[in-house]
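The values are calculated or read from the model by the stated rules, or taken from the named source; none is laboratory data. Everything numeric here is computed off the predicted structure, so don't read it as measured data. FYI the Cβ positions are ideal-geometry reconstructions off the backbone, even for glycines, and counts take in every protein chain you see.
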Amino acid sequence: MKVKGVKEIENTLINICKKEIEQCSYEELYTALLCITEEESKKRARSVEGRKLYYISAEFLIGKLLSNNLINLGLYDAVKSCLNAHGKSMAELEETEPEPGLGNGGLGRLAACFLDSLATLNLPGDGIGLRYHCGLFRQRFEDQSQRELPDFWLGGRDWARKTGKTYAVSLAGRDYTARLYQLAVTGYEGRTNYLNLFDLDTVDPSVISKGISFDKDDISRNLTLFLYPDDSDEAGRLLRIYQQYLMVSAGAQMILEECVERGSNLHDLYDYAAIQINDTHPSMVIPELIRLLGKEGIDFGEAVEIVTKVCAYTNHTILAEALEKWPKDYLNTVVPQLVPIIEKLDEIVRERTEDASAAIIDASETVHMAHMDIHFTHSTNGVAALHTEILKNSELSRFYSLYPEKFNNKTNGITFRRWLLKCNPKLADLIEELIGPGYKKNASELERLKDFAGDEEVLKRLAQIKHENKETLAQWLGHTQKIRTNPDCMFLIQSKRLHEYKRQQLNLLYLIHKYFEIKSGHMPKIPVTAIFGAKAAPAYTIAKDIIHALLTLSKVIEDDQEVSQWLQIVFVENYNVTAAEKMIPACDLSEQISLASKEASGTGNMKFMLNGALTLGTLDGANVEIAEAVGEKNIYIFGQSSRQVIRRYAHGDYSAREWYDTDANIRRAIDFLTSEIMTEYGTQEKLERLQKELTNKDWFQTLPDFNAYIVRKEQAIADYALNPMEWAKRSLVNISMAGYFSSDRTIEEYNRDIWHLR
Ligand SMILES: *Cc1c(COP(=O)(O)O)cnc(C)c1O
């Protein structure tokens, strides 16, 4: 099968579908194109010379694959023309593909970008993960509140192929059979790698009862049913350990099997494999590999050395509550075979250091997964310059003084194929017209766009493309969510998981403030549309209260003749990669307002920048590097510095109540949450809970940044309204400096410093 040109695509489609294209349903066309794509990607699979990377991650938020794969395989234009010639539309075809629910946010999306870059750079690197039957959850809004529904994405034809390979995994003393599924990962004009996903044949969706609740005890039927099952109770936490062990045990067996097949005697495993542990979820791969090597006759000391040399660990957070630790009892229940190994590793640590806080197993018999990772891998990296510095100097300083050579930074990146070529074809075409196609694989070439910063014709086209993308988003919001928006307004977007540290509540307080300002006759320079997209973890009450408050405020404003002309709040339901691809190209101002020191990197910030949005943000995560790249004139920075924040935490002297008592604007905004009109539209209990949280606790220090945020945001809105050409120029500068944030650059650094492939 040769399918380069339109004619060949046409013939192949007709061959597969056995009828004329006009007569085919979109489902039939999708299935046929999936076959074509799989055939083409297979041809690009390559054998491995030397070391191969295994990227182990509990999440791969890969997004819909058809268009992305067609782009990578060089087939997209031909397929599109072919469909158009027969009255079919690519956009409608895309709608039929379900989005794979294999991740929940930035960490999983990063893993997906990395797979794309590995294949594009022709590096041998596979992913290892789990084949969840349901994604995180499908988000619905009812009565201005989030409701969670199961997200059955596996229904029709998906991309992961069942293989005949199985591995025995012992869970709580019983044997289970993990089956391998493989999903081809295409690279842009590159090789094909694989995402290896494990599952049990016995998993059974009928155990789901109401919403997303299910019987958590029946492991054989529920193990891979959900991504990150609710861990607010013990059964949920145990289930996470079951999931993690299934992934790492089957993964480790597969790795060793492949290496042996390629000639390894296991003593030389380092010459065949590099393993990257993405956050702590796959940490048990360390003791599991030691256990498996032991079974092959390698003594404990050597096995520890081998594993340390092969494995590397990426840290994604400094939030204490997000660093996984498990009661040893749990591990004794689920993975008794690993406990003696973890205890021996803990003994080794106690010989290396007297600092008890660096132990793996602490005095209360809790196992610290990150500690095991740092001691028994050769590399620990943070994901942005600031984050890595904070790890070295505060959060993990005791480990840094033990192993300074292990610590390094790898600033995150995003793949330009999905986050520009696929999601913003008009901008991609303009860039290609101006500087040629080289930037698609060599992102630093984007800098040449700067030559056009003074070219009014180019700036006008850039602004025009933004406007067209806003129209496209408006249409999409209209037909998918029945929300009317006006593309002539300024679009301010905050889309990311809902978390207090990301501070959607700060944006909320601003919008209340704005509501009052408009009521008292202070109109913004241009009507503003504040757009949100965010899922809150099902058991995270305050996060759900923030969603409720935003949805309620949205209604209050919508019904207010005066205010609604100037201000609209849009909360996009079920934020996922598909929604992100529509929202990001349409954004004027990107909200990256986490509390400084708390966002490890962020990658949403990079996607918005690449698509020409200006950033309103704190000096946090990769915002710091974005600010350095574009210069202070081309970004809106506000708020406390990470140093101030860390000092406040250390002194424990932050009092939200004081800010509330002394600042009238803050008081007015917070009090409004429980005002008559808000409680009329919303639920009093939820609004009161949020109000109490903000006045009594405000753990993420929203209030000290409130006034600075208002000032910078007003400035941005005024700049946008008063000087569109200058705005377009600054947008162009942002795009031109986005090259550094390509995941190709990130992967090249991982390879240079950690993996040493080829
Ligand atoms: C990029 C992305 C994220 C991460 O966004 P941050 O702003 O970095 O938290 C989360 N969800 C989706 C769907 C994404 O595409």
Sole exception among (1) small (Gly, Ala, Ser); (2) within 26 Å of the chain's Cα centre (by Cα); (3) surrounded by fewer than 19 Cβ atoms within 10 Å (Cβ to Cβ) for residue 612, by number:
(3)
Among the residues of the range 465-480, how many are surrounded by fewer than 21 Cβ atoms within 10 Å (Cβ to Cβ) and within 16 Å of the ligand (Cβ to nearest atom)?
2
When only residues in the range 107-145 that are at pLDDT below 95 and among the hydrophobic types (A, V, I, L, M, F, W, C) count, which is surrounded by the most Cβ atoms within 10 Å (Cβ to Cβ)?
136
Scan the range 552-583 for residues that are of a type in the set (Ser, Thr, Tyr) and either within 29 Å of residue 92 (Cβ to Cβ) or crowded, with 19+ Cβ neighbours inside 10 Å (or both) and jot them down.
552, 554, 575, 578
Check residue 377 against each of (1) in a helix (DSSP H, G or I); (2) surrounded by 23 or more Cβ atoms within 10 Å (Cβ to Cβ); (3) touching a residue at least 40 places away in the same chain (Cβ under 8 Å) and name the one condition it does not meet.
(1)
What residue, of 554, 495, is more than 22 Å from the chain's Cα centre (by Cα) and touching a residue at least 12 places away in the same chain (Cβ under 8 Å)?
554
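For the range 617-647, which residues satisfy the criterion of being out of contact with any helix residue (DSSP H, G or I) (no Cβ under 8 Å at 6 or more places or on another chain) and either assigned to a helix (DSSP H, G or I) or surrounded by 20 or more Cβ atoms within 10 Å (Cβ to Cβ) (or both)?
Listed by number, the residues that qualify are 627, 628, 632, 643, 644, 645, 647.
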Quick check on the range 82-95. Is at least one of its residues touching a residue at least 40 places away in the same chain (Cβ under 8 Å), closer than 30 Å to residue 213 by Cβ and not hydroxyl-bearing (Ser, Thr, Tyr)?
yes
Only one of 596, 622 is within 16 Å of the ligand (Cβ to nearest atom), in contact (Cβ under 8 Å) with a residue 40 or more places away in the chain and either closer than 17 Å to residue 742 by Cα or acidic (Asp, Glu) (or both); which?
622
Give the number of residues within the range 25-55 that are touching a residue at least 40 places away in the same chain (Cβ under 8 Å) and either more than 17 Å from residue 189 (Cα to Cα) or among the small types (Gly, Ala, Ser) (or both).
17
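Across the range 184-196, what is the total count of residues that are under 22 Å from the mean Cα position of the chain (by Cα) and surrounded by fewer than 24 Cβ atoms within 10 Å (Cβ to Cβ)? Walk me through how you get there before you give the answer.
Of the range 184-196, the ones under 22 Å from the mean Cα position of the chain (by Cα) are 184-188, 193-196.
Still in the running and surrounded by fewer than 24 Cβ atoms within 10 Å (Cβ to Cβ): 184, 188, 194.
Of the residues in that region, 3 qualify.
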Just give me the residues in the range 599-619 being more than 15 Å from residue 735 (Cβ to Cβ) and either small (Gly, Ala, Ser) or more than 9 Å from the ligand (Cβ to nearest atom) (or both), in sequence order.
600, 601, 602, 604, 616, 617, 618, 619
Residues within the range 95-104 that are within 16 Å of the ligand (Cβ to nearest atom) and in contact with a helix residue (DSSP H, G or I) (Cβ under 6 Å, 6 or more places away or on another chain), tallied:
2
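Return the residue satisfying two criteria in turn: it lies in the range 9-24 and is of a type in the set (D, E, K, R) and touching a residue at least 40 places away in the same chain (Cβ under 8 Å), and of such residues it is nearest to residue 78 (Cα to Cα).
Ranking the candidates gives 10 first.
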Subset of the range 12-38 (residues that are over 17 Å from residue 67 (Cβ atoms) and charged (D, E, K, R)):
18, 19, 20, 22, 28
Looking at 719, 661, which one is under 30 Å from residue 451 (Cα atoms) and not polar (S, T, N, Q)?
719
Regarding the range 409-419, can at least one residue be identified that is of a type in the set (A, V, I, L, M), assigned to a helix (DSSP H, G or I) and within 23 Å of the chain's Cα centre (by Cα)?
no
Taking the conditions exactly as written (among the β-branched types (Val, Ile, Thr), touching a strand residue (DSSP E or B) at 6+ places or on another chain (Cβ under 6 Å), in a loop (DSSP other than H, G, I, E, B) and under 30 Å from residue 67 (Cβ atoms)), does residue 224 satisfy them or not?
yes
Which condition from (1) under 24 Å from residue 728 (Cα atoms); (2) within 16 Å of the ligand (Cβ to nearest atom); (3) in contact (Cβ under 8 Å) with a residue 60 or more places away in the chain; (4) not in a helix (DSSP H, G or I) is the one that residue 582 breaks?
(4)
Looking at 568, 561, which is the one that is away from the ligand (no atom under 16 Å from the Cβ), without any contact (Cβ under 8 Å) to a residue 60 or more places away in the chain and farther than 18 Å from residue 617 by Cα?
561
Only one of 312, 322 is surrounded by fewer than 20 Cβ atoms within 10 Å (Cβ to Cβ) and within 22 Å of the chain's Cα centre (by Cα). Can you tell me which?
322
Quick one: which of 465, 431, 493 is touching a Lys or Arg at 6+ places or on another chain (Cβ under 6 Å) and not aromatic (Phe, Trp, Tyr)?
465
For the range 260-278, indicate whether the set of residues that are part of a loop (DSSP other than H, G, I, E, B), within 16 Å of residue 303 (Cα to Cα) and small (Gly, Ala, Ser) is non-empty.
yes
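Rundown of residues vs (1) within 16 Å of the ligand (Cβ to nearest atom); (2) closer than 30 Å to residue 426 by Cβ; (3) modelled with pLDDT under 95; (4) touching a strand residue (DSSP E or B) at 6+ places or on another chain (Cβ under 8 Å), yes/no style:
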residue: 482; (1), (2), (3), (4): no, yes, no, no
residue: 488; (1), (2), (3), (4): no, yes, no, no
residue: 495; (1), (2), (3), (4): yes, yes, no, yes
residue: 504; (1), (2), (3), (4): yes, yes, no, yes
residue: 510; (1), (2), (3), (4): no, no, no, no
residue: 514; (1), (2), (3), (4): no, no, no, yes
residue: 556; (1), (2), (3), (4): no, no, no, no
residue: 574; (1), (2), (3), (4): yes, yes, no, yes
Considering only residues that are under 25 Å from residue 177 (Cβ atoms), within 16 Å of the ligand (Cβ to nearest atom), of a type in the set (A, V, I, L, M, F, W, C) and touching a residue at least 60 places away in the same chain (Cβ under 8 Å), which ones fall in the range 105-163?
none
Subset tally (residues that are farther than 18 Å from residue 701 by Cβ and touching a His at 6+ places or on another chain (Cβ under 8 Å)) for the range 596-643
1
Here the qualifying pairs (Cβ atoms under 6 Å; residues six or more apart or on different chains; first in the range 190-219 and in contact (Cβ under 8 Å) with a residue 24 or more places away in the chain and part of a loop (DSSP other than H, G, I, E, B); second of a type in the set (Asp, Glu) and crowded, with 18+ Cβ neighbours inside 10 Å) come out as 211/148; 212/148
